[in-house]
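The values are calculated or read from the model by the stated rules, or taken from the named source; none is laboratory data. If you're wondering where the values come from, they're calculated on a predicted model, not measured in any experiment. Glycine gets a Cβ as well: all are built from the backbone with ideal geometry, and neighbour counts include every protein chain shown.
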Amino acid sequence: MLKRAMIFMAAVAVMMIIYYLPTPQPWMKGTEQIPLTMNAKAVMAVLVFAVILWVTEAIPFAVTALLLMVILHIMGVENFKKLAQLGFGNSVILFLMGAMGLSAAMTASGLAKRAMLIMLSKVGRRTDLIVLAFITIGTVVSMWVTDMAVAAMLLPLGMTILKDSGCKPLQSNFGRALMIGIVWGALIGGTATPAGCGPNILAMEYVRKLAKMDVTFGQWMAVGVPGAMAMVPLGWFLLMKMFPPEFREIPTTLEKIKADLAALGRLTAKEIRTLIVFTLMVTFWLGGPFIEKFVGFKIPEDYVALTGFTLLFLPGLRVFDSWKEAQQSIDWGGLVLIAGGIAAGMLLASTGGARWVAWGLLSDVGSFHPLLKVLAVVTLVEALKIFFSSN
């Protein structure tokens with residue numbers, strides 16, 4: 001308790017020091033000045049405060065996110081109503097709620113366990129090959145489906161394997177490798193096609209407008225797919241070196257896996273309903289551009305996720321017996337954490353802080369070798385993405 005209190009006070013001290021430091025001189029871009037405003041400095045100070053608490057886990061992640069929004073309001077950066085709208089009003093929260101609901105339905109119905117057993121009956125018992133299978137499946141599926149949805153679909157499969165294998169939370173290397181592999185697979189596949197991730201389409205539009213170049217779907221895939229496929233074995237190799245599984249094979253025989261699969265029998269009514277909703281959601285996510293041409297308007301991914309979640313409660317498609325059953329499987333703290341991060345990230349951009357940081361770090365990149373330019377920009381963007389914002 002004392003250690004956590006000391007870390008918290010240290011984080012507060014660092015935040016106040018950053019905020020009250022003399023404001024740096026504006027960067028010069030020709031005749032244009034790029035200043036660091038007091039509001040931007042306040043956001044940066046609060047973000048450093050939050051990162052310290054997130055890294056040290058002095059207080060729960062979700063509480064830190066809420067505290068972040070409270071402090072930003074106290075500092076006068078933005079009124080609290082607008083902060084709440086920036087965070088909790090973002091459609092990403094609704095998308096995640098729907099995706100987590102689908103994940104819960106796959107677990108509750110038994111569909112996740114059946115899919116896991118089918119996969120294991122093909123892959124075998126070797127832990128390293130199981131991790132490779134998850135990365136590969138995540139990569140292939142997320143080429144066409146949003147990476148968050150893919151991770152939400154694979155998560156219950158991985159959790160079931162870890163639970164049945166007796167892996168202890170926060171102690172199992174196999175658990176670490178498998179969970180990270182699920183995320184890596186979803187992220188890797190998202191780079192392979194323009195449909196894999198929202199920022200891909202935005203990047204194509206920027207290239208079209210700023211560089212006067214048209215990048216077609218096929219041209220993107222010609223570079224993206226080989227790159228994604230090359231990252232799969234590399235990512236798997238790194239995970240096996242960083243987190244070598246504590247056992248070579250999961251503690252169950254192939255015969256038992258097949259016996260367990262046979263014991264499940266035919267698909268149950270709940271499994272069929274879950275599969276119907278899952279298929280509908282994936283169809284709308286995957287066929288969004290084609291459906292838009294047919295109906296004349298875009299159906300947002302978050303709308304599809306939330307609608308699919310509600311279908312799981314309706315007569316004829318009911319999977320959950322009660323709301324309480326569903327809510328226990330949704331990581332509400334994770335939603336709060338993301339909402340706080342989004343609010344802070346949006347403020348960093350709107351106050352000019354992101355532009356000031358980017359110009360300060362990248363102003364000399366123009367003189368670099370082309371390969372070093374790409375490396376410098378990618379490194380900075382990834383750092384900003386990881387610590388301060390979503391895609």
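Yes/no per residue for (1) of a type outside the set (D, E, K, R); (2) farther than 22 Å from Met97 by Cβ:
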| site | (1), (2) |
| --- | --- |
| Lys163 | no, yes |
| Gly175 | yes, yes |
| Leu178 | yes, yes |
| Gly181 | yes, yes |
| Ala186 | yes, no |
| Ala222 | yes, yes |
| Phe237 | yes, yes |
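Restricting attention to region 1-28, and to residues there that are exposed (fewer than 11 other Cβ atoms within 10 Å of the Cβ) and over 32 Å from the mean Cα position of the chain (by Cα), which single residue is farthest from Leu347 (Cα to Cα)? Among residues in region 1-28 that are exposed (fewer than 11 other Cβ atoms within 10 Å of the Cβ) and over 32 Å from the mean Cα position of the chain (by Cα), the one farthest from Leu347 (Cα to Cα) is Leu2.
Which of the helices (runs of 4 or more DSSP H) contained wholly in region 217-327 include at least 1 residues that are over 21 Å from Leu117 (Cβ atoms) and in contact (Cβ under 8 Å) with a residue 12 or more places away in the chain?
On the way: elements: 217-242, 254-264, 269-286, 288-295, 301-311, 323-327.
In region 217-327, 217-242, 269-286, 288-295, 301-311, 323-327 are the helices (runs of 4 or more DSSP H) which contain 1 or more residues that are over 21 Å from Leu117 (Cβ atoms) and in contact (Cβ under 8 Å) with a residue 12 or more places away in the chain.
Tell me, yes or no, whether region 244-261 has at least one residue that is within 30 Å of Gly316 (Cα to Cα) and either of a type in the set (Gly, Ala, Ser) or touching a helix residue (DSSP H, G or I) at 6+ places or on another chain (Cβ under 8 Å) (or both). Checked against the condition, which is being within 30 Å of Gly316 (Cα to Cα) and either of a type in the set (Gly, Ala, Ser) or touching a helix residue (DSSP H, G or I) at 6+ places or on another chain (Cβ under 8 Å) (or both), region 244-261 yields at least one hit.
Once region 127-152 is narrowed to residues that are among the small types (Gly, Ala, Ser) and at pLDDT below 80, the residue that is farthest from Gly308 (Cα to Cα) is Ala152.
Applying the condition of being aromatic (Phe, Trp, Tyr) and closer than 27 Å to Met143 by Cβ to region 212-256 and asking which residue is nearest to the chain's Cα centre (by Cα) yields Trp236.
Please pick out the residue among Leu83, Leu94 that is more than 14 Å from Met346 (Cβ to Cβ) and of a type outside the set (Gly, Ala, Ser).
On the way: Leu83 fails: more than 14 Å from Met346 (Cβ to Cβ).
Selected residue: Leu94, the only one of Leu83, Leu94 that is more than 14 Å from Met346 (Cβ to Cβ) and of a type outside the set (Gly, Ala, Ser).
From Gly175, Gly124, Gly166, Gly181, grab the single residue that is more than 22 Å from Met281 (Cα to Cα), assigned by TED's automatic domain parsing to the domain that holds Cys197 and at pLDDT below 80. Step by step, each of Gly175, Gly124, Gly166, Gly181 is checked, and only Gly124 is more than 22 Å from Met281 (Cα to Cα), assigned by TED's automatic domain parsing to the domain that holds Cys197 and at pLDDT below 80.
Residues in region 77-94: is at least one more than 28 Å from Asp302 (Cβ to Cβ) and surrounded by fewer than 16 Cβ atoms within 10 Å (Cβ to Cβ)? Give the steps one after another, and end with the answer.
Taking region 77-94 as the starting set, the residues that turn out to be more than 28 Å from Asp302 (Cβ to Cβ) are none.
Within region 77-94 (the criterion being more than 28 Å from Asp302 (Cβ to Cβ) and surrounded by fewer than 16 Cβ atoms within 10 Å (Cβ to Cβ)), the answer is no, since none of the residues qualifies.
Across region 95-123, what is the total count of residues that are among the charged types (D, E, K, R) and buried (at least 16 other Cβ atoms within 10 Å of the Cβ)? Count: 2.
Counting only residues that are surrounded by fewer than 16 Cβ atoms within 10 Å (Cβ to Cβ), on the phi < 0 side of the Ramachandran plot and among the small types (Gly, Ala, Ser), how many does region 309-328 have?
Summing the residues that are surrounded by fewer than 16 Cβ atoms within 10 Å (Cβ to Cβ), on the phi < 0 side of the Ramachandran plot and among the small types (Gly, Ala, Ser) in region 309-328 gives 1.
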